[in-house]
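The structure appears right after this line, and notes come after that.
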Amino acid sequence: MQKIKVLIVDDASFTREIMRKGIRSEFPAFTSEEAPDGLKAQKLLEQKPFDLILCDWEMPEMNGAELLTWLRNNDPIKDTPFIMVTSRGDKEHVVKAIELKVSNYIVKPFTNDKLGKVVANVLQKAMGLTAEQLRIIGGKYQDPMAMASNGLSGAISASELTPDSVAKNRPAVASSKSAKPTEKVLLPVRFRGSQIKLLVKEISSEMITGIVKNDSQVPPIMEMTVVDISFEGITNRLNAFVYTLQARGDNNESEFVDITLKLVDQDDESKMEHLNQFIGSLT
């Protein structure tokens with residue numbers, strides 16, 4: 001069966017990790033490689049073909065627009081599907097991406113479901129696949145014909161493989177928990193080369209709310225971050241984005257601000273299990 005190969009290009013390692021895990025969640029059979037900038041991506045593309053490129057816009061060495069321009073002018077690989085992934089979703093950037101012949105465009109932050117839909121749309125169009133064929137190639141479920149030929153019982157027709165029936169066969173994820181710590185809990189939050197400490201007010205498998213010092217290092221709304229949670233000798237690096245910021249007080253001189261981070265690793269069972277254990281220790 002054909003293997004889909006994806007090249008993920010972004011200068012932020014945690015963003016590459018988010019995209020890699022998002023692809024793995026939606027298409028388990030896809031393989032991926034990574035590059036931290038357009039120049040290194042270009043070298044990879046000169047060495048081997050890829051079926052899809054997921055690329056950030058703003059990067060050092062060579063940005064996403066420059067990589068896309070080079071790609072579309074390189075005959076052997078000029079038709080490779082290219083999805084621009086960026087935090088800038090204004091009309092000017094969308095129009096420019098279209099002019100550069102981008103295959104599609106996705107704005108950070110995004111869910112695995114959103115990423116999966118954009119990738120599916122692009123690959124179906126580029127490769128002439130049906131949604132059913134892409135799900136089989138992507139490993140969402142095993143090809144019923146392969147199951148039957150391997151002597152596996154319970155093989156069903158493709159028409160019977162509905163989203164509900166597939167969901168029933170997914171491994172169960174540990175039930176979510178939440179807690180409001182009665183003692184002081186400080187968590188390091190990393191973003192764009194900076195780090196701050198977050199005093200936790202409430203934590204769950206979906207959100208972390210707390211207080212941070214109001215200085216020049218406070219991440220802006222929608223900024224991608226990594227929260228490090230150490231528990232029982234293991235450090236769990238949770239990906240999240242800034243969901244809300246709110247001043248503490250009636251003026252801009254407050255020393256602290258309230259912050260809410262929305263977690264995006266719900267599909268990672270090991271991370272969620274570790275997080276739930278940590279939350280359980282706080283209750």
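Read-outs throughout are calculated quantities, based only on the coordinates presented, and are distinct from any laboratory measurement. All values reported here derive from a predicted model rather than from experimental measurement. Positions of Cβ are backbone-derived with ideal geometry, glycine not excepted, and every protein chain shown enters the neighbour counts.
For this structure, a couple of remarks:
- Taking amide H positions as modeled 1.01 Å from N, with prolines and chain starts lacking one, the residues under 5 Å from PHE231 and 5 or more places away or on another chain are ASN236.
- Along its principal axes, segment 5-139 has C-alpha extents of 37, 32, 27 angstrom, given from the largest down.
- Cα centroid separation, segment 225-263 to segment 41-76 (Å): 34 Å
- For LYS114, net neighbour charge (Lys/Arg +1, Asp/Glu -1) across residues whose Cβ lies under 11 Å away: 0
- Highest mean packing first, where packing is the average number of other Cβ atoms within 10 Å per residue, the peptides 71-80, 235-244 line up as 235-244, 71-80.
- Using θ = phi - 60° in the Karplus curve 6.51 cos²θ - 1.76 cosθ + 1.60, the 3J(HN,Hα) couplings for segment 35-45 round to 9, x, 6, x, 5, 5, 5, 4, 5, 5, 5 Hz; x is entered for Gly and Pro.
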